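The structure appears below as structure tokens.
The values are calculated or read from the model by the stated rules, or taken from the named source; none is laboratory data. Nothing here was measured: the structure is a model prediction, and the numbers come from that model. Cβ atoms come from the backbone with ideal geometry, glycine included; neighbour counts cover every protein chain shown.
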Ligand SMILES: [Zn+2]
């Protein structure tokens, strides 16, 4: 039997349903006469069927983990929103500052002073201890992240209270969890709620 | 098509302040992304962690995201990158640098499969061996194969997702399928056909 010189890539494309439609009739015609390509088509189809079966068996239906949203809120609550620092902004604009200095002296001093005031005004006081200020504050996004954070706290609290009865013999566990949420919730109404629950749990576990 | 419009609408709603819009997007895609990652990493806890990371990254970047491609494509891009990083950090074996090494690996697994004394391998064990062969694909080959085969993405969409040319996607796909054929040949030469 003469060796067939058709590209193996064509065979794979054909099996995968990716063969150029213009080439399809010609290739199908070729298959009626070429034993080698027919065998290859059969082998590749078989391999793909095997893999499909094994993958189907692995995940008949993907079921996402329980309450992924809550876990996301909790994670968002743990991480402060991304902001560029004052120093990064200053570094980014350093070449501009330098250029001004090369111009006239008095003008440069005035401009520099103005720049410092302007930067302090728009970005925040550079001498404050936490240098995380946004040049273009995206308040909508920040508010939303804060809302998410609070939702996370609320759901954490709900989780703790819901699971409390499962381990009422181990009141300490619930107390430590409530304390953690109370810390997270500092400055919000949820801190009071957590505190109230804490007292209640401590009372019942004292009994 | 409807879904595409809906996604963009939800993204727009999120950008103008609706949290529920993000919840809806997440509900819509968490199963798919989780399934994709579970197949990629084969470990429930890690897949959960990575799924969470996908939505975490998406949430933090969505405000700046421009809908040049589908929202789902973007999620798959994040997921694929995380899966590739995961494999990079987990791999104790040398990364395939040369085709030769790939051939050696191929033979090792092929031997593993054919050396099984049982002629009739139990279905479950067989499934396990087949998935092991899939896991022998390089991370890019596997990503291309999984996205096109089980996530219903067209070659063009796979290319967008992985930031590759369509031709490159096809090369990875061809190599993946050829490699699978080599790896799994003993399985059907032994007891089937
Ligand atoms: Zn032929």
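Please work out which residue is farthest from the other protein chains (Cβ to nearest Cβ), limiting yourself to the range A:2-22 and to residues that are within 13 Å of the ligand (Cβ to nearest atom) and not in a helix (DSSP H, G or I).
Ranking the qualifying residues of the range A:2-22, first place goes to A:2.
Considering only the range A:54-95, state which residues are modelled with pLDDT of 80 or more, more than 7 Å from chain B (Cβ to nearest Cβ) and in a helix (DSSP H, G or I).
If the condition is that a residue be modelled with pLDDT of 80 or more, more than 7 Å from chain B (Cβ to nearest Cβ) and in a helix (DSSP H, G or I), then A:56, A:70, A:73, A:74, A:77, A:78 are the ones that fit.
Looking only at the range A:27-42, filter to residues that are crowded, with 17+ Cβ neighbours inside 10 Å and part of a helix (DSSP H, G or I); which one of those is nearest to the ligand (Cβ to nearest atom)?
Going residue by residue through the range A:27-42, those that are crowded, with 17+ Cβ neighbours inside 10 Å are A:27, A:34, A:37, A:40-41.
Still in the running and part of a helix (DSSP H, G or I): A:27, A:37, A:40-41.
Numbers: A:27: 9, A:37: 3, A:40: 8, A:41: 9 Å.
Residue satisfying both the conditions and the ranking: A:37.
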